[in-house]
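Take a look at the structure set out below.
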Amino acid sequence: MFRLSCVCSTILGRRVHIITWNVGSATPPDDMTSLLGLNVGDGNTDMYIIGLQEVNSMINKRLKDVLFTDQWSEVCMERLSPFGYVLVTSQRMQGLLLLVFAKYFHLPFLRGVQTETTRTGLGGYWGNKGGVSARMSVFGHTICFLNCHLPAHMENSEQRMEDFESILQQQQFEGQAATGVLDHDVVFWFGDLNFRIDDLDMQVVKSAIDNNKFSIMWEKDQLNLAKDSETVLEGFQEGPLKFPPTYKFDIGTNTYDTSGKKRKPAWTDRILWRLRATAPAGAAVDAGKRSSISGLTSGTKVTQHSYRSHMEYIVSDHKPVSSIFTLQFPYKVDIPLVTLIVADEWNSVADATAKFKLAPNYSRSSWDWIGLYKVGFKHHKDYVGYVWAKQEEADFHRQEHEVTFTEEELPKGSGDFIMGYYSNNMSSIVGVTEPFQVIITQALASPQCVQQRAAAARHLLLLRKTNTWRTQECDALLVTGHIANCCVFYLIHSLYCMFSRNEKVQFMMPSFSGTAIWFVQRAYFALSCFIKLCTL
């Protein structure tokens, strides 16, 4: 039997890879391997945090993104899912996009996931500028990721600080602990912060870049200067800027702006972090003085391993910036809320069962469900099949529960799969299994079965042509011929059951959007089969 467990230790280390990029309304590049570090990765990265700015937000594009996944999210999922990373949450506000990925086996320990948005453009009425955030408890420690796009231009340094303060004040999360951004144990702040280089003219800046004398510009960097005077920046840390300024380039080149505006190069794209300050016992801190305390008494530590730009990406006038951190903190949470137990192999439909145990502090919902995922799944709705984790009255005092997958909910082929328990109350997966094999018998694909299904399809087509088919006959065909997977009349019958007789049908998804997508996919498939039947 396989059962997911978390190996306990005194100190837990987790590696986080953060990316910020103003993509300038561009489409994703063909290859993001080096940006994600997949070409040199050692497989130890636990989470990817991707913050984008100026994602194409034209009206026609936004409407398409509402109905379907936006291009950037899709590309990131396609690239990361084969390595076991699952989209935990995402937040979009006009051109701002924040994506949070984690290894699938960490999902049960990422709890209390919430997102927030704050508009600051046009006095707070427009979302072209502002901040989007995602907060969560990671193994019991609160972390907030804040992606910002602040006002542009050299003269707006004060406005940038005012907008940042406004974002911090407005973003409030539910719950008793860590209600504000700065209340979290660790905060990562990144984005196109738009700070510029003061007092140095263009020639001096370009000469410093050509000669790798970045310290000259660092001393005049507006954000660096603001740390000495702005209280709101207290505790924020940043690694040394050992890479060239990431703005502004001629698109398609590594040449700084040659347009009529000739923008002065600047480090507009930044990644900073902050540990929640905690005063030592018995220490009195003067409210009028800046505290030098930047660590947690609980022992949380953030180590930055790299901080760099990626000059090879030329689709935007900004270069992407990435940083890799290790978070070290004591274990607080090491037991999943739901423990799933499955056999290491499913060889037949009879094997398709799973047992699960609930932690005493878990609040169960009647809308909880258990999904069957193929290894490399993208997000919690990317399941092959699912069953409701039904809660009967007799279950209240039961220590262990069991669910069974029907034939219709199983994959039609072999492969490696993972099972996940989705909590409706927490809107996240709270329990997963280790990978196990599903080896479905090919009985349904036998020549005899294929002939029966083809005959049933022809029979149903004949009934339709002669207008003599009835619901009872469809029921019989559906049961005996498995016509549900190869004919459009299954949709008609199912809709009739759902709306006319108010009966539950098996294919109903755990969300309306999931149901709609299922209908479109199934209708397309059914129509294809119908056309093929007409040619027989």
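The values are calculated or read from the model by the stated rules, or taken from the named source; none is laboratory data. None of these values were measured; they are calculated from a predicted model. When we count neighbours, we look across all protein chains shown, and the Cβ atoms used for this are built from the backbone with ideal geometry, even at glycine. Ligands, DNA and RNA are stripped out before the accessible areas are found, and what is left, the full protein with its side chains, is counted by its heavy atoms. Shrake-Rupley method; radii C 1.70, N 1.55, O 1.52, S 1.80 Å.
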Q: Among the numbered conditions (1) at pLDDT 95 or above; (2) of a type outside the set (Val, Ile, Thr); (3) out of contact with any His (no Cβ under 6 Å at 6 or more places or on another chain), tell me where PRO320 comes up short.
A: (3)
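Tell me whether segment 244-251 contains one or more residues that are touching a helix residue (DSSP H, G or I) at 6+ places or on another chain (Cβ under 6 Å) and either among the aliphatic types (A, V, I, L, M) or open to solvent by 60 Å² or more (accessible area, probe 1.4 Å) (or both). Please lay out each step first, then the result.
Looking only at segment 244-251, we keep the residues that are touching a helix residue (DSSP H, G or I) at 6+ places or on another chain (Cβ under 6 Å), and these are 244.
Still in the list and also either among the aliphatic types (A, V, I, L, M) or open to solvent by 60 Å² or more (accessible area, probe 1.4 Å) (or both): none.
No - not one qualifying residue is present in segment 244-251.
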Q: Restrict the check to segment 181-202 and report whether at least one residue is farther than 24 Å from ILE324 by Cα and among the small types (Gly, Ala, Ser).
A: no
Q) So is GLN114 open to solvent by 10 Å² or more (accessible area, probe 1.4 Å) and assigned to a helix (DSSP H, G or I) or not? A) no
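Could you identify the single residue in ASP395, ASP416 that is of a type in the set (D, E, K, R) and at pLDDT 95 or above? Break it down into steps so the answer makes sense when it comes.
Values: ASP395 fails: at pLDDT 95 or above.
Only one candidate passes the filter, namely ASP416.
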Q) For segment 252-266, how many residues are open to solvent by 10 Å² or more (accessible area, probe 1.4 Å), assigned to a loop (DSSP other than H, G, I, E, B) and touching a residue at least 12 places away in the same chain (Cβ under 8 Å)? A) 6
Q | Residue in segment 193-213 that is closer than 28 Å to VAL113 by Cβ, surrounded by fewer than 20 Cβ atoms within 10 Å (Cβ to Cβ) and under 29 Å from the mean Cα position of the chain (by Cα) present | A | no
Q) Which of the residues that make up segment 14-24 are touching a Gly at 6+ places or on another chain (Cβ under 8 Å), under 13 Å from LEU97 (Cα atoms) and either of a type in the set (A, V, I, L, M, F, W, C) or in a loop (DSSP other than H, G, I, E, B) (or both)? A) ILE19, TRP21
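Kindly check whether there is at least one residue in segment 395-412 that is in contact with a Ser or Thr (Cβ under 8 Å, 6 or more places away or on another chain), assigned to a helix (DSSP H, G or I) and open to solvent by 40 Å² or more (accessible area, probe 1.4 Å).
Step one: of segment 395-412, the residues in contact with a Ser or Thr (Cβ under 8 Å, 6 or more places away or on another chain) are 402-405.
Filter again for assigned to a helix (DSSP H, G or I), leaving none.
The answer is no; no qualifying residue exists.
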Q) Within segment 191-212, can you find the residues that are touching an Asp or Glu at 6+ places or on another chain (Cβ under 8 Å) and not charged (D, E, K, R)? A) GLY191, LEU193, PHE195, ILE197
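Can you confirm whether segment 64-84 contains a residue that is buried (at least 20 other Cβ atoms within 10 Å of the Cβ) and modelled with pLDDT under 95?
As a first pass, look at segment 64-84 and keep what is buried (at least 20 other Cβ atoms within 10 Å of the Cβ): 70, 72-73, 76-77, 80-81.
Then drop every residue that is not modelled with pLDDT under 95, which leaves 70.
Checked against the condition, which is being buried (at least 20 other Cβ atoms within 10 Å of the Cβ) and modelled with pLDDT under 95, segment 64-84 yields at least one hit.
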Q: May I ask you to say which residue of VAL132, VAL138 is modelled with pLDDT under 95, farther than 19 Å from VAL375 by Cβ and surrounded by 23 or more Cβ atoms within 10 Å (Cβ to Cβ)?
A: VAL138
Q | Search result, residues across segment 199-237 that are among the acidic types (Asp, Glu) and in a loop (DSSP other than H, G, I, E, B) | A | ASP199, ASP201, GLU219, ASP228, GLU230, GLU234
**Q.** Subset of segment 88-105 that is more than 16 Å from GLN171 (Cβ to Cβ) and of a type in the set (Ser, Thr, Tyr) - its residue that is surrounded by the fewest Cβ atoms within 10 Å (Cβ to Cβ)
**A.** SER90
(Q) Any residue that is within 26 Å of the chain's Cα centre (by Cα), aromatic (Phe, Trp, Tyr) and farther than 25 Å from TRP21 by Cβ - is there at least one of those in segment 147-165? (A) no
Q: Confirm whether SER34 is touching an Asp or Glu at 6+ places or on another chain (Cβ under 8 Å) and either at pLDDT 95 or above or surrounded by fewer than 21 Cβ atoms within 10 Å (Cβ to Cβ) (or both).
A: yes
Q. Would a scan of segment 145-153 turn up a residue that is open to solvent by less than 30 Å² (accessible area, probe 1.4 Å), part of a strand (DSSP E or B), in the same structural domain as ASP199 (by the TED database) and out of contact with any Leu (no Cβ under 9 Å at 6 or more places or on another chain)?
A. no
Q: Please enumerate the residues belonging to segment 185-219 that are touching a Phe, Trp or Tyr at 6+ places or on another chain (Cβ under 9 Å), closer than 22 Å to ALA134 by Cβ and not polar (S, T, N, Q).
A: ASP185, VAL186, VAL187, PHE188, TRP189, PHE190, ASP192, LEU193
Q) Among the strands (runs of 3 or more DSSP E) confined wholly to segment 304-379, which include 1 or more residues that are surrounded by fewer than 17 Cβ atoms within 10 Å (Cβ to Cβ) and touching a residue at least 12 places away in the same chain (Cβ under 8 Å)? A) 321-330, 353-358
